[in-house]
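Asker: There's a structure below that I have some questions on.
The values are calculated or read from the model by the stated rules, or taken from the named source; none is laboratory data. What you are looking at is a predicted structure, and each value in this text was computed from that prediction instead of being measured. Ideal geometry is used to build each Cβ from the backbone, glycine not excepted, and the neighbour counts take in all protein chains shown. Quick note on the areas: whole protein, heavy atoms, side chains included, nothing else; ligands and nucleic acids left out. Shrake-Rupley method; radii C 1.70, N 1.55, O 1.52, S 1.80 Å.
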Amino acid sequence: MPTIEKDFRRSVVYQIYVKSFCDSNGDGLGDLPGITSKLDYLAHLGVDYLWLTPFYPSPQKDNGYDVSDYCAVDPRYGTMDDFDELVAAARERGIGIMLDMVLCHTSTEHEWFRRACSGEKRYQAYYILRDGRGSAGPGDPGEPPTNWECAFGGSAWEWEPRLGKWYLHMHDASQPDLDWTNPEVREACADVVRFWRERGVTGFRFDVINLISKPEVIEDVPGPGAACRSLVADGPHVHEYLRELVERSGIDGMITVGEMASTDLANCIRYTRPDDHELSMSFSFHHLKVDYAGGDKWALAEPDIPALREVLREWQEGMQAGGGWNALFWDNHDQPRAVTRFGGREGVGERGGSWDLVGKMLSTMSFLMKGTPYVFEGDELGMTNAGYDSIEKYDDVESKNAYSMLLGRGATQDEALRVVGERSRDNGRTPMQWTAGPGAGFTTGKPWLGVPANHEQVNAEAEVGVEGSMFEWYRSLIALRHTSDVVALGDVRFLDAGPAAPRVIAFERTLGEKRLVVACSFDDEPCELADLGADGMTVLLSNYDDDPIAGVLRPYEAVAWSR
Ligand code: GLC
């Protein structure tokens, strides 16, 4: 078997949301054999690694991010043999498999939590348990120990009568956080990673891994309880625990990425600097909060492009200066589709409308910045937000909680639905659009989550091999990542697009004599561009059919010039 040893700086990762990718047995859920059946499609697209979201046994309270057994395959997604077959078939095509490790919390159905509840002290020490505030004694819950709020709304503490304690959950109440100060927990987590490495996995994505080290003292946060997130992020021992995990599980040198919630640049440099032997790269999310009014995800605002530019500049130039490495992405299973979010609402599925231009402009940015690009399933087709017309069509726990919260704040049902329609995580979880047929070719049964109506225009069958399609655009960007040294390795520096182009983001990449200048417009009007020093350079790519106009960027235009 050929081995998968690739330079992650030249690689492209494709994220598969297993539940929504391809259903091989008609039960309406994607599965592992479904992925294997699409490997030729993925090899044709040209990606190097597949990151698979969790397919382990789980009660599915948070779609598999509530794991009840880390070292098995949930029967709804297939068998361990199916998994081995997928790894081998991917390997034959030169594609590596990255698995999602959800080690910050387990499910309440995990054996460890069940044994804790049935009185085993050893497993009680796996979790973060506290007495209630103002409790009158054993059996009286009192109030939650602190004012902390979990990521999906409501208290971060749940009373468990069998324990006679409250347990901490930074996410859903079905996801109790593990106590990483316990060396046995750290050893058990390393065993999980080692188990999958030995099964032929070539890399890992670590779920909310910067939340594993809680503050020494767990106490109220000033102001709203949601602020506990920044208190818990990048905690006192996080770097030490990560290094230990990497060393014990033997994955140093493999491709790894950490999902970093509410993080900062200095920590991400440390997570990803090769000398620190932690991770290859990190996901940060500041660039995806530029349309949150007052920092609130559930309050709509137009994207603030100057703020977006500043965030990207800080992270691109900052990670470079510190020797860190960024994972580059717009979409994943927790985000609305960027093409809809940043203005691609016109002419969906056609050439030339804002849908086509924005999809190509955004991908140009993520592929030409410095870091490793991630394609989320369906990005390469230009898949859009779900467009559901009733709250019943949503599945996600966070979306449902948010809907109730918005009604509680006084929003009408229509208003609440509109906000959820823009922000729901289900926007990124709709079934993959393979064909214009029923179930979008994703399933012959009833899809677990509704298929967007536009699958009739936006689908793989309509795009693969069709000149000018979104799919072919992505294919050429992926190829460029593999062939161009300046794209993979060059230095990055942000450029000033000038006072008449506040909604343009421009940067250059340089390597020796090689120079690349990239300008991307988020504006729906033409704008005048300052001199970016691209005169005399050749147009390497552009998302318009005709030549760029000197000194002007048209609506949502993206141009890269090279020398
Ligand atoms: C990460 C996952 C998300 C999940 C959460 C809790 O943010 O991407 O889907 O809900 O962690 O595991």
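Asker: Within the range 470-492, identify whether any single residue is open to solvent by 10 Å² or more (accessible area, probe 1.4 Å), assigned to a loop (DSSP other than H, G, I, E, B), within 24 Å of Val552 (Cβ to Cβ) and assigned by TED's automatic domain parsing to the domain that holds Ile305, and answer yes or no.
Answerer: Within the range 470-492 (the criterion being open to solvent by 10 Å² or more (accessible area, probe 1.4 Å), assigned to a loop (DSSP other than H, G, I, E, B), within 24 Å of Val552 (Cβ to Cβ) and assigned by TED's automatic domain parsing to the domain that holds Ile305), the answer is no, since none of the residues qualifies.
Asker: Here are Trp298, Trp355: which of them is of a type in the set (Phe, Trp, Tyr), farther than 22 Å from Leu516 by Cα and not in a loop (DSSP other than H, G, I, E, B)?
Answerer: Values: Trp298 fails: not in a loop (DSSP other than H, G, I, E, B).
On inspection, the qualifying residue turns out to be Trp355.
Asker: Now, a different point. Out of curiosity, is Ala307 over 18 Å from the mean Cα position of the chain (by Cα) and farther than 21 Å from Ala501 by Cβ?
Answerer: Details: over 18 Å from the mean Cα position of the chain (by Cα): yes; farther than 21 Å from Ala501 by Cβ: no.
Here the answer is no, as Ala307 does not meet what is asked.
Asker: Can I ask one more? Inspect all residues belonging to the range 301-318 and state whether any of them is open to solvent by 10 Å² or more (accessible area, probe 1.4 Å), within 16 Å of the ligand (Cβ to nearest atom), under 30 Å from Gln413 (Cβ atoms) and in contact (Cβ under 8 Å) with a residue 12 or more places away in the chain.
Answerer: no
Asker: Does the range 399-416 contain at least one residue that is within 17 Å of Val348 (Cα to Cα) and either of a type outside the set (Gly, Ala, Ser) or open to solvent by 20 Å² or more (accessible area, probe 1.4 Å) (or both)?
Answerer: So the first thing to find is which residues in the range 399-416 are within 17 Å of Val348 (Cα to Cα), and the list is none.
Checked the range 399-416: no residue is within 17 Å of Val348 (Cα to Cα) and either of a type outside the set (Gly, Ala, Ser) or open to solvent by 20 Å² or more (accessible area, probe 1.4 Å) (or both).
Asker: If the requirement is being over 25 Å from the mean Cα position of the chain (by Cα) and either in the same structural domain as Ile218 (by TED's automatic domain parsing) or of a type in the set (Asp, Glu) (or both), which of these qualifies: Ala72, Ala88? Full working, then the answer.
Answerer: Values: Ala72 fails: over 25 Å from the mean Cα position of the chain (by Cα).
Just one listed residue meets the conditions, Ala88.
Asker: In addition: Please work out which residue is farthest from the ligand (Cβ to nearest atom), limiting yourself to the range 37-78 and to residues that are closer than 15 Å to Val18 by Cβ and acidic (Asp, Glu).
Answerer: So the residue we want is Asp74.
Asker: Could you list all residues from the range 456-513 that are touching a Phe, Trp or Tyr at 6+ places or on another chain (Cβ under 9 Å) and β-branched (Val, Ile, Thr)?
Answerer: Across the range 456-513, the qualifying residues are Val458, Val464, Ile478, Val487, Val492, Val504, Ile505.
Asker: Name the residue that is farthest from the ligand (Cβ to nearest atom), counting only residues in the range 118-134 that are hydroxyl-bearing (Ser, Thr, Tyr) and open to solvent by less than 70 Å² (accessible area, probe 1.4 Å). If you could, list the steps in order and put the result at the bottom.
Answerer: Kept after step one, since they are hydroxyl-bearing (Ser, Thr, Tyr), are these residues of the range 118-134: 118, 123, 126-127.
Okay, now just the ones that are also open to solvent by less than 70 Å² (accessible area, probe 1.4 Å), so 123, 126-127.
Numbers: Tyr123: 20, Tyr126: 17, Tyr127: 16 Å.
Out of the qualifying residues, it is Tyr123.
Asker: When the residues of the range 193-207 are narrowed to those that are open to solvent by 10 Å² or more (accessible area, probe 1.4 Å), in contact (Cβ under 8 Å) with a residue 40 or more places away in the chain and of a type outside the set (S, T, N, Q), which ends up nearest to Glu111 (Cα to Cα)? So that I can check it myself, show each step before the final result.
Answerer: Kept after step one, since they are open to solvent by 10 Å² or more (accessible area, probe 1.4 Å), are these residues of the range 193-207: 194-195, 197-200, 202, 207.
If we keep only those that are in contact (Cβ under 8 Å) with a residue 40 or more places away in the chain as well, we get 194-195, 197, 199-200, 202, 207.
If we keep only those that are of a type outside the set (S, T, N, Q) too, we end up with 194-195, 197, 199-200, 207.
Working: Arg194: 19, Phe195: 17, Arg197: 22, Arg199: 22, Gly200: 25, Asp207: 20 Å.
Checked the range 193-207; the qualifying residue nearest to Glu111 (Cα to Cα) is Phe195.
Asker: In contact with a Leu (Cβ under 8 Å, 6 or more places away or on another chain), under 23 Å from Ala90 (Cα atoms) and away from the ligand (no atom under 16 Å from the Cβ): which single residue out of Val257, Val221, Val193, Val246 fits that description?
Answerer: Numbers: Val257 fails: away from the ligand (no atom under 16 Å from the Cβ); Val221 fails: under 23 Å from Ala90 (Cα atoms); Val246 fails: under 23 Å from Ala90 (Cα atoms).
Step by step, each of Val257, Val221, Val193, Val246 is checked, and only Val193 is in contact with a Leu (Cβ under 8 Å, 6 or more places away or on another chain), under 23 Å from Ala90 (Cα atoms) and away from the ligand (no atom under 16 Å from the Cβ).
Asker: Scan the range 67-97 for residues that are within 20 Å of Gly28 (Cβ to Cβ) and part of a loop (DSSP other than H, G, I, E, B) and jot them down.
Answerer: Answer for the range 67-97, where residues must be within 20 Å of Gly28 (Cβ to Cβ) and part of a loop (DSSP other than H, G, I, E, B): Val73, Asp74, Gly78, Thr79.
Asker: For the subset of the range 135-157 comprising residues that are open to solvent by less than 50 Å² (accessible area, probe 1.4 Å) and over 30 Å from Ser399 (Cβ atoms), which member is farthest from the ligand (Cβ to nearest atom)?
Answerer: This residue is Gly137.
Asker: Looking at (1) within 13 Å of the ligand (Cβ to nearest atom); (2) touching a Ser or Thr at 6+ places or on another chain (Cβ under 8 Å), which one does Ala89 not meet, given that it meets all the others?
Answerer: Just one mismatch for Ala89, condition (1).
Asker: Mind listing whichever residues of the range 233-253 are closer than 28 Å to Glu149 by Cβ and surrounded by 15 or more Cβ atoms within 10 Å (Cβ to Cβ)?
Answerer: Keep residues of the range 233-253 that are closer than 28 Å to Glu149 by Cβ, which gives 233-242, 245.
Within the range 233-253, Ala233, Asp234, Gly235, His237, Val238, His239, Tyr241, Leu242, Leu245 meet the criteria.
Asker: Then there is this: Any residue that is of a type in the set (A, V, I, L, M, F, W, C) and without any contact (Cβ under 8 Å) to a residue 60 or more places away in the chain - is there at least one of those in the range 394-401? Show your work before the answer.
Answerer: First, the residues of the range 394-401 that are of a type in the set (A, V, I, L, M, F, W, C): 397.
When the remaining residues are screened for being without any contact (Cβ under 8 Å) to a residue 60 or more places away in the chain, the result is none.
No.
Asker: I'm trying to understand the selection: among the residues of the range 158-186, which are in contact with a Lys or Arg (Cβ under 7 Å, 6 or more places away or on another chain) and away from the ligand (no atom under 16 Å from the Cβ)?
Answerer: Narrowing the range 158-186 to residues in contact with a Lys or Arg (Cβ under 7 Å, 6 or more places away or on another chain): 165-166, 172, 174, 180.
Listed by number, the residues that qualify are Lys165, Trp166.
Asker: Still on this structure: I need the full set of residues from the range 319-337 which are within 16 Å of the ligand (Cβ to nearest atom) and either touching a strand residue (DSSP E or B) at 6+ places or on another chain (Cβ under 6 Å) or assigned to a helix (DSSP H, G or I) (or both), in order please.
Answerer: Ala327, Phe329, Asp331, Asn332, listed by residue number.
Asker: Which numbered condition trips up Gly96, out of (1) of a type outside the set (A, V, I, L, M, F, W, C); (2) under 24 Å from the mean Cα position of the chain (by Cα); (3) within 16 Å of the ligand (Cβ to nearest atom)?
Answerer: (3)
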